[in-house]
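Data first, discussion second: the structure below is written as structure tokens.
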Amino acid sequence: MTPDHADKMEITVVFQCPLQEMDGDFMTRGSMIGLPIMVAKALTAAVAIIAWRRNQKVVIVKYSDTYSYKNLGNKPSSIGELSKFLSVPDMGGGNNENRMFQGIFTEIKPTLPEYDTADVLCVSDFGWGLIDDGTKKLIENEKQNGMRIYGLNVYAQRPYGMFGYDGMLDGYYTPRDVCDSLWVYEDGECRDMG
């Protein structure tokens, strides 16, 4: 978080977790398997612990084609709840960022008003699909109200997301368009993508 947002009292952590349990085995889409998913879980837990040390409230949003969330508040004793929440493979395959952002802005925030001014940290591989116009408008409105969205990419081979800067898709809203600051985890370090 930037210094001007370091005093915020709450944070929303979005965790991309496209897992589905099939006969005891986990099925994931290719990029969020193995190390990226382990790193995403560890970084999500680390961010929650840091927030709790700062007496910040935390809500975790886990998503793939749908989403679920867990309000952990500012209780470090919630680490067991966090671990359980991150380990439950209740998501389907694929990912739907439109559904996730709409859920945060139109369902979670109204239900949990204490997170009304929360910043958002997306922990993902950023293999995002197209962001539709309605979702773009929701994101832009929240940013105009002071929300900041940070991105932490756990898949260094694709630091800017699937389509990066190449403009392959006319009007594509990339993670760079959504995130005010984008970071990538690689070789044990998080570095700012500028």
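Within region 116-143, restricting attention to residues that are β-branched (Val, Ile, Thr) and crowded, with 16+ Cβ neighbours inside 10 Å, the residue that is farthest from residue 69 (Cα to Cα) is 131.
Counting only helices (runs of 4 or more DSSP H) that sit completely within region 84-194, those holding 1 or more residues that are out of contact with any strand residue (DSSP E or B) (no Cβ under 9 Å at 6 or more places or on another chain) and modelled with pLDDT of 90 or more correspond to 97-103, 133-144. Step by step: first the residues of region 63-83, then only those that are assigned to a helix (DSSP H, G or I) and not hydrophobic (A, V, I, L, M, F, W, C), then the one that is modelled with the lowest pLDDT. Which residue is that? Filtering first and then ranking leaves 76. Of all the numbered requirements in (1) closer than 29 Å to residue 141 by Cα; (2) part of a helix (DSSP H, G or I); (3) without any contact (Cβ under 8 Å) to a residue 60 or more places away in the chain, residue 58 misses one, and that requirement is (2).
For the structure I just gave you, tell me whether residue 47 is of a type outside the set (Asp, Glu), in a strand (DSSP E or B) and either out of contact with any helix residue (DSSP H, G or I) (no Cβ under 8 Å at 6 or more places or on another chain) or closer than 20 Å to residue 116 by Cβ (or both). So residue 47 does not fit the description; no.
The values are calculated or read from the model by the stated rules, or taken from the named source; none is laboratory data. Computed from a predicted structure; not experimentally measured. Positions of Cβ are backbone-derived with ideal geometry, glycine not excepted, and every protein chain shown enters the neighbour counts.
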